[in-house]
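Okay, so here's the structure we're looking at.
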Amino acid sequence: MTGLPRQDRTVHNVGMDLETREWLQDRIDGRLAAGIGIGWLVAYQVAMALEPVTHEPEPWYGVVLGVTFLAMIAAMATGLVMQRRWGIVASVAAAGFFTALSVACPVSGHHPFGAWWFGQMACALGMLGGSVAALRWSSRAEAPAVTDVAERAEGAEGVVAEQVDA
């Protein structure tokens, strides 16, 4: 204990409001999480298979960017396994980063520009679009569920009232 009153202690997540934190921690459908995970597995494997062999060494910043990308994928996988919305947010971030890496690869001279690039961009942009669509769908999916529960509760009250009157 620090000896300070509870309200005077600094909280580690002061920058994020409660509503955003709760929104990120909301559960998502397991099928949606599995779909995003399978999509990443397939898209990344296809994109890497299309990439030609390079005769240029990997620059140091390329290694740093690659490790950063893999860390983003690990964070996304963790969030999706936990079935939390922040896993989808991490997927959007990783897909944006994947798109930037796909653009940087031929621009930096690491790989020659060619037809493979269009396939890799299709994979990256497909994951970006799919991740954004999943995020929007997960946000909309929670609203009807609350309405359905409220409607069922109202319907149950009506049934109980009818039974009491009889």
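FYI, it's all coordinate maths here, none of it is from the lab. Fair warning: this is a prediction, and the values are worked out from it, not measured in the lab. Neighbour counts run over all protein chains shown; Cβ positions are idealised from the backbone, glycine included.
Structure notes:
- Near residue 113: Cβ cut-off under 15 Å, other residues only, Lys/Arg at +1 and Asp/Glu at -1. The net charge is -2.
- Environment charge of residue 78, counting only residues whose C-beta is closer than 15 Å and scoring Lys/Arg +1, Asp/Glu -1: +3
- Sequence-separation-based contact order of the stretch 30-137, relative, with Cα cut under 8 Å and 6+ spacing, percent: 38
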